[in-house]
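Comments concern the structure below.
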Amino acid sequence: QVQLVESGGGAVQAGASLRLSCVNSSPTFGAYEMGWFRQAPGKEREFVATWSSGTTDYAGSVKGRFTISGDIDKNTVYLQMNSLKPEDTALYYCAARPYYSTYKGSQTYNYWGQGTQVTVSS
């Protein structure tokens with residue numbers, strides 16, 4: 001059973017930066033596509049970014065501001081979030097699936113973390 005543990009959320013002002021981390025317990029970390037999703041109150045969970053052995057994908061709303069990266073030695077994926085906006089406020093979830101696909105539907109991810117809150121004030 002794969003476990004994902006997120007950290008790094010917090011409350012910041014607009015324009016600030018945060019870095020989220022997610023540790024994957026699987027010994028075959030490199031075999032997974034790792035992703036970040038977010039869910040704001042009253043809204044559906046949405047795709048943010050994914051990393052798969054160096055291949056990265058981003059939602060249009062975060063492209064140019066957020067950077068996803070992975071460290072195979074640490075079984076960890078990071079989400080560096082710069083120039084944060086109030087509309088980035090959400091519960092951010094780490095997710096994983098054992099294959100890469102350009103389709104980012106949340107229902108296709110097998111494993112989820114507990115979520116970490118990001119709050120951006122104006």
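Per-residue SASA remark: K43, around 140 Å² accessible (1.4 Å probe; ligands, DNA and RNA not included). Expressed as a whole percent, the accessible area of the chain that falls on carbon and sulfur atoms is 48 (1.4 Å probe).
Lys-Lys pairs in the stretch 13-122 that are eight or more residues apart or on separate chains and whose Cα atoms lie under 21 Å of each other come to 5.
For the stretch 1-92, give the share of DSSP beta bridges that are antiparallel, in percent and rounded to the nearest 5; count only bridges with both residues there.
On the way: 27 of 28 bridges.
Roughly 95 percent of the DSSP beta bridges within the stretch 1-92 come out antiparallel.
Rolling a 1.4 Å probe over the protein heavy atoms gives the chain an accessible area of 49 Å² per residue.
Calculated from the alpha-carbon coordinates, the chain shows an Rg and a Dmax of 13.3, 41 Å respectively.
The values are calculated or read from the model by the stated rules, or taken from the named source; none is laboratory data. This one's a predicted model, so the numbers in the text were calculated from it and none came from an experiment. Accessible surface areas use protein heavy atoms only, side chains included; no ligands, DNA or RNA. Shrake-Rupley method; radii C 1.70, N 1.55, O 1.52, S 1.80 Å.
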